[in-house]
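Scroll down for the structure; my scribbles are underneath it.
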Amino acid sequence: MDIVQFLLDALTPLNLVLALVGVALGTLIGALPGLSATMAVAILVPFTFAMTPASGLIVLGAIYTGAIYGGSFAAILVNTPGTPSSIATTFDGYPMAKRGDGGLAVTLATLASVFGGLIGAITLLVLAPPLANVALAFGPTEYFWMAIFGLTLVSALSVGNTVKGLIGACLGLMLSTIGVAVVGGDVRYTLDTQMLLGGIDVTSALIGLFCIPVVIDLVATKAPHLNVLQDKRGYRLGEAFRITLTTKLNMVRSSLIGTVVGILPGAGGSIAGLISYSEARRSSRHPERFGTGEPDGVIATEAANNATVGGGFIPTLVLGIPGTPPDAIILGALLVQGIKIGPTLFSDQSNIVYTFMFGLLIATVLMLPVGLVMGRYAYKSIVHIPKSLLVPTVAFLTILGSFAIHSNPHETQMMVMLGVAAWVLQRFGFPPSPIVLGLVLGQIAEQGFVQTYMIGSATDSLAGMFFGRPISMGIIAFALLTLFYPLYVTLRARRQTRAAAVERADAVAKHAPSTARPWRDTPAIVFGALFVVIGVMAYVQTKDMSAMGSVFPSALAAALVLLSIILIVFQIGRLRAPSNTPDAGAGGKPSSARRAAAVVVLLAWAFLMPVVGFFTSSLVAFLILTGIASFEPLKPRTVAVYALFAAVIVGAFCLLMVQVLNLRMPDGLLF
């Protein structure tokens, strides 16, 4: 049988070694913030030209799937998505690591990634031609509502303060409109600076919004980064298997969502992970646990984003329409190899395509041992490294990763500024996750919104275009359910609390309302007023734009003003909170001076890097951050060891960037 022969071709020693090496390299690259799956695949494409087409595709597919999985390491251990697909992994993965379950979180992510990857690869193998038609059924309206569906996760992430979450989502969407408009070509909100002309890069913004606040808070106390007292049981593989078996429906559902979303060109793992996380939370018996370290959240995200790998290859191979940037690069490699893309690929060159599909399955299976071994050592390294070295190392990787994306120091500067702003907002109750959602989904939402608006206006059927298409109606229904379900759960819990209070003694019942009453949030009023001003200024600037370029940002500006006014009105009617002294906790009172010093160093590092030079600025900043993060006097020998460590880390990564990745690093006055 031909199928058996294709499987045997994929199981040759050379292809097995290529799959193993590809998964390991992809996992390592994906774990480093800024070094994305796209970069990993693009760098190694030239090496595949000397291989047979099937072997070349196997190694590229292995690198791709490994990089998507590797992003979970950084998301779990340092609260920074290694790739955009791992955004939702931070919601529960990092809280698990902080309470001492980091090893379990990594193992769960590995099992879910392997399962989701297998579902996607099997779907690719069995159902590629018929499922490719699903991609053709999605128009701009469906893409717009799918992006809105992803944004409804804000409701789940902001339970107890949905208005602040919605404001954060509006801010993220507004940030996505900076630069040249995706439809119409208008130049918007650049402040007449070249720095903002290209817009805000999503990956560098992710690094800043998630990682910079972590770095700033790490230096505030001498408490350990992660709790390791309860996590001395290694892989905890048996426990992870038991958890996945009890939540198998969640894993299957998330894998199917990831596969279907992967089929849609331009959607990708980030949307799949967000939708799967939202559905897992909605269908859970304990939705209140999500965001506090719930294993189901990690499982849903990782199963979905790895399933998009196989799903994304379906339109790539059948229609020649790449689903994601890595798919586009692999498509180019196929064309260079002389492979003809299209429905006839599965009959005319079946030996190549089916060998590749089986190779992708094998690479996904190999991800289990590779991920467990690398994940265990990664967790041990993060846990046992002193905070005085962890802080500058994480900061260095954020600077390096944001620069390496496009070799643009402006993106590094924007990354740091966004990170500092996110830290300030987070301290006053505005979480960064909704901002990230808006930024990631902004371009997809705008492109679908504007195109639907244009078609509806031209056909005099605006409402029908937005609300009358069958697939759109289904997505809208799910979006509304996801948006209002957390509100329903909150109201039900309040009713139950009131009922319990009525049954108590009269004395207790009388005091219950006053103790439960929320206090006035004065910073929220100040920020609300600031956001009103920002929204009004953004709306005024749309007057100079074309109709296509202004319709989306003007709607966002109006929404931002409305939500900010609602926030202010809610807070004004409340009582002032009594002053009390916050508990310093086990790590001592947080040091504002150290936080301020870290912010100054990060900003100086980003802005002086192109002037002084990358190596020199990085080495100096690394050593200064080491001193800021040290709470005990350092002995001369320790200082020498730390200095040597800094020189090795900075030097090794500089050589990697220049010699291996061929990136041009800023020399500046020094080097």
* **Cα gyration tensor shape of segment 347-448, rounded if a/c is under 1.5, else prolate or oblate by comparing a/b with b/c** => oblate
* Asked: Treating the beta-carbon of each Lys and Arg as +1 and of each Asp and Glu as -1, no other charges, what is the dipole magnitude of the chain about its Cα centre, to the nearest 20 debye?
  -> 2300 debye
* Asked: Averaged per residue, what accessible surface does the chain expose to a 1.4 Å probe, in Å²?
  -> 42 Å²
* From phi via Karplus (6.51, -1.76, 1.60), per-residue ³J(HN,Hα) for segment 205-212 in Hz, x at Gly/Pro -> 5, 4, 4, x, 5, 9, 8, 4
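Order 79-91, 406-418 from most to least packed using the mean count of other Cβ atoms within 10 Å. Numbers along the way, then the final one.
Working: 79-91: 29.3, 406-418: 21.4.
Answer by packing, highest mean first, reads 79-91, 406-418.
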* Structure fact -> When the charge dipole of the chain is computed with +1 at the Cβ of Lys and Arg and -1 at the Cβ of Asp and Glu, the Cα pointing farthest to the positive end, of Leu563, Ser591, Thr152, is that of Ser591
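For Glu632 and Arg99 in the same chain, what is the full-extension length gain: residue separation times 0.36 nm, less their Cα-Cα distance, in nm? Write down the numbers at each step before the final one.
On the way: separation 533, 0.36 × 533 = 191.88 nm, distance 2.48 nm.
The Glu632-Arg99 span can extend by a further 189.4 nm.
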* Report ³J(HN,Hα) in whole Hz for each residue of segment 614-627, in order, from the Karplus equation J = 6.51 cos²θ - 1.76 cosθ + 1.60 where θ = phi - 60°; Gly and Pro get x. => 5, 5, 5, 5, 5, 5, 5, 5, 4, 5, 5, 5, 4, x
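State, as an integer percentage, the relative contact order of the chain based on alpha-carbon contacts under 8 Å between residues 6 or more apart.
Values: 1200 pairs, mean separation 147.5, N = 671.
Dividing the mean separation by the residue count of the chain yields 22 percent.
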* List the residues whose amide H sits under 5 Å from the amide H of Val180, counting only those 5 or more places along or on another chain, with H placed 1.01 Å from N in the peptide plane. => Arg188, Gly199
* Local net charge near Val424, Cβ-Cβ under 14 Å (Lys/Arg +1, Asp/Glu -1) -> +2
* Starting from the Cα of Ala596, move 7 Å in the Cα-to-Cβ direction to define the label point; list residues of segment 621-658 whose amide nitrogen is under 17 Å from there. => 628-629
* To do: Determine, for the chain, the count of lysine pairs separated by eight or more sequence positions (or lying on different chains) whose alpha-carbon distance falls under 28 Å.
  => 22
* To do: Return P(r) of the chain (all Cα-Cα pairs; 10 Å bins starting at 0; whole %; ordered from short to long distances).
  => 3, 15, 25, 27, 19, 8, 2, 0, 0
* Asked: Using modelled amide H (1.01 Å from N, peptide plane; none on Pro or chain starts), what sits under 5 Å from the amide H of Ala629, excluding residues fewer than 5 places away?
  -> none
* Only helical DSSP H runs with n ≥ 4 go in: add -39500 (n - 2.57) per run for the chain, normalise by residue count and round the 222 nm mean residue ellipticity to 500 deg cm²/dmol. => -25000 deg cm²/dmol
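The values are calculated or read from the model by the stated rules, or taken from the named source; none is laboratory data. On a predicted model such as this, the values are computed, not experimentally measured, just so you know. Virtual Cβ from ideal backbone geometry, glycine too; neighbours counted across all protein chains shown. Just the protein is used for accessible areas: all its heavy atoms, side chains included, with ligands, DNA and RNA removed. Shrake-Rupley method; radii C 1.70, N 1.55, O 1.52, S 1.80 Å.
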